[in-house]
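First the structure, in the form of structure tokens, and then the observations on it.
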Amino acid sequence: MTRTLHPDDFLPDSPTVARELIGAILLVDGIGGRIVETEAYDRADPASHTFNGPTPRNQAMFGPPGRAYVYRSYGIHWCLNFVCREEGHGAGVLIRAIEPLEGLKEMRRRRSLDDPKLLCAGPGRVGEALGIVLDMNGLRLDRKPFKVLARDRDYDIVTGPRIGISKAMELHWRFGLAGSPFLSRRFSPASRPTP
DNA sequence: CGAACGATTAGCT
DNA sequence: GCTAATCGTTCGA
């Protein structure tokens with residue numbers, strides 16, 4: 001039995017939410033799959049878009065929890081985050097990789113790619129496969145076009161430093177489903193499953 | 001107003 | 001492993 005996540009489920013700190021999201025199902029207009037990799041960001045976090053306070057781009061992250069924060073990465077890719085904490089805090093979770101389960105045909109068409117292991121293995125790839133666009137910025141995650149279902153059981157989780165950043169490398173705020181073939185990158189062998 | 005810089009990816013060595 | 005591609009955001013002058 002699965003439960004649709006409610007905005008209140010996103011009130012805890014972002015590393016806690018990022019960990020809870022491993023194994024959850026994310027669908028956009030019915031297309032998507034199981035979340036297998038996430039990263040947490042917080043206001044008091046030099047690597048976060050919100051570190052220097054509110055700007056036009058990051059306003060959604062300072063809005064209420066349980067909403068989408070969509071941003072353009074490297075002028076090319078649309079990346080999806082889930083806003084966490086109480087309104088005004090500025091925290092969120094980046095969705096970095098998904099195990100494709102629903103709408104494989106449409107995802108393959110959007111990505112011009114067959115290999116399911118590469119369809120959603122990275123935040124930009126997730127954005128392309130799920131059809132994320134800027135119009136979705138700020139939308140509630142418990143309403144169309146989104147559907148987010150809580151994980152149906154416990155999963156073994158691995159952690160490590162976040163990818164593609166140069167600050168706060170000491171924070172191990174990247175979370176992954178242990179052994180998943182759908183990760184954007186392997187976790188360091190030194191990273192061990194956590195309880 | 002100009003310029004540097006990315007929470008990345010694909011393609012090549 | 002290395003780098004070009006590509007453009008909106010952000011910050012300093």
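The values are calculated or read from the model by the stated rules, or taken from the named source; none is laboratory data. Just so we're clear, the structure is a prediction, and the values are computed from it rather than from any experiment. Cβ atoms come from the backbone with ideal geometry, glycine included; neighbour counts cover every protein chain shown. To get the accessible areas, we keep the full protein, side chains included, count just its heavy atoms, and leave off ligands, DNA and RNA. Shrake-Rupley method; radii C 1.70, N 1.55, O 1.52, S 1.80 Å.
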query: β-branched (Val, Ile, Thr), without any contact (Cβ under 8 Å) to a residue 60 or more places away in the chain and in contact with a Cys (Cβ under 7 Å, 6 or more places away or on another chain): does that describe A:Val93?
result: no
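Yes or no, residue by residue, for (1) among the hydrophobic types (A, V, I, L, M, F, W, C); (2) surrounded by fewer than 16 Cβ atoms within 10 Å (Cβ to Cβ); (3) within 11 Å of DNA strand B (Cβ to nearest atom):
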site	(1), (2), (3)
A:Ala68	yes, no, no
A:Tyr74	no, yes, yes
A:Asn81	no, no, yes
A:Met107	yes, no, no
A:Asp135	no, yes, no
A:Pro145	no, no, no
A:Tyr155	no, no, no
A:Glu99 vs. criteria more than 10 Å from DNA strand C (Cβ to nearest atom) and either among the β-branched types (Val, Ile, Thr) or more than 20 Å from A:Gly23 (Cβ to Cβ) (or both): no
query: Using beta carbons and a limit of 6 Å, which pairs, at least six apart or on different chains, have the first residue in region A:65-76 and aliphatic (A, V, I, L, M) and the second one more than 15 Å from DNA strand C (Cβ to nearest atom) and not in a strand (DSSP E or B)?
result: A:Ala68/A:Leu139
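Can you pull out the residues in region A:53-66 that are assigned to a loop (DSSP other than H, G, I, E, B) and either more than 9 Å from DNA strand C (Cβ to nearest atom) or buried (at least 19 other Cβ atoms within 10 Å of the Cβ) (or both)? Steps first, please.
As a first pass, look at region A:53-66 and keep what is assigned to a loop (DSSP other than H, G, I, E, B): A:53-56, A:63-66.
Hits for region A:53-66 are A:Gly63, A:Pro64, A:Pro65, A:Gly66.
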- prompt: Would region A:44-52 turn up any residue that is farther than 16 Å from A:Arg174 by Cα and open to solvent by less than 40 Å² (accessible area, probe 1.4 Å)?
  reply: yes
statement: Expected output for region A:156-170 (first residue under 17 Å from A:Thr50 (Cα atoms), partner within 11 Å of DNA strand B (Cβ to nearest atom) and not in a loop (DSSP other than H, G, I, E, B), Cβ below 6 Å, 6+ apart or cross-chain) is A:Arg162/A:Glu39; A:Arg162/A:Arg174
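Just wondering, is there one or more residues in region A:36-49 that are part of a strand (DSSP E or B), within 16 Å of DNA strand C (Cβ to nearest atom) and within 19 Å of A:Gly124 (Cβ to Cβ)?
Looking only at region A:36-49, we keep the residues that are part of a strand (DSSP E or B), and these are A:36-41.
Applying the additional criterion that residues be within 16 Å of DNA strand C (Cβ to nearest atom) yields A:41.
In the following step, the residues that additionally are within 19 Å of A:Gly124 (Cβ to Cβ) were identified as A:41.
Taking every residue of region A:36-49 in turn, at least one turns out to be part of a strand (DSSP E or B), within 16 Å of DNA strand C (Cβ to nearest atom) and within 19 Å of A:Gly124 (Cβ to Cβ).
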